[in-house]
Structures are given as C-alpha cells and as structure tokens.
C-alpha cells in the first residue's frame, strides 16, 4: 500500500498487520526498514520494541486515521499508551518528521 498524509504521497511500501500473528511478529524478522517501508497495525493500541534491532517512529492514529500522537521508540522499549488510539503506523526512524498531529493518513 502507498501512504498518503493529507493527500501527499509519503511512502510506497506499507504492509498491514491485521491478525494476532502478524501483529505479534510485526517487524521482529527485520534487521532494518528502508525509508519507503512501514507497517500499519490495525485495531492495535500499544506497541513494544522488545527483540528489535532498530529504532522506529510510531504514529498513533484514531479510528478515522487522524494522527493523535507520534514518538520515536528505541529497541527494548515500549510505546506510550495513547488514549483513543485505534491503529499504529510504524515507520523508519526520522520518517514521521513530515507528519503532524492532526494530519490524516490514507493508505491506497
């Protein structure tokens, strides 16, 4: 899927994790993320980076895909609990700099 922020293309290779197994595995099998890659965890309100080898940007989204919070999460750390979070977008470190609180995300 392609990631758009306020109708502007930001990334071209976003995968979706929508089952228990795909969410459990997440990015654990990766050594890094290319700048065009990412993972959308649907119906998910929390993340961790245990056993991961790299830092990620986490973008917390509401039910209607509005950005409500973002942070950088290092390996062996947990993400923040964010009220009203329904989905989480995991991106390469530094990629969320172009995303602002209040932006709308769409994936096509």
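The values are calculated or read from the model by the stated rules, or taken from the named source; none is laboratory data. The structure displayed is predicted, hence computed values, not measured ones. We place every Cβ from the backbone using ideal geometry, glycine too, and count neighbours over all the protein chains shown.
What number of residues within the stretch 97-106 are in a loop (DSSP other than H, G, I, E, B) and surrounded by 14 or more Cβ atoms within 10 Å (Cβ to Cβ)? Give the steps one after another, and end with the answer.
Step one: filter the stretch 97-106 for residues in a loop (DSSP other than H, G, I, E, B), giving 99-103.
Filter once more, so that each one left must be surrounded by 14 or more Cβ atoms within 10 Å (Cβ to Cβ): 99, 103.
Residues that pass the stated criteria total 2.
Table: residues versus (1) out of contact with any strand residue (DSSP E or B) (no Cβ under 6 Å at 6 or more places or on another chain); (2) at pLDDT below 95; (3) on the phi < 0 side of the Ramachandran plot.
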residue	(1), (2), (3)
36	no, yes, yes
48	no, yes, yes
53	yes, yes, yes
57	no, no, yes
61	no, no, yes
66	no, no, yes
71	no, no, yes
83	yes, no, yes
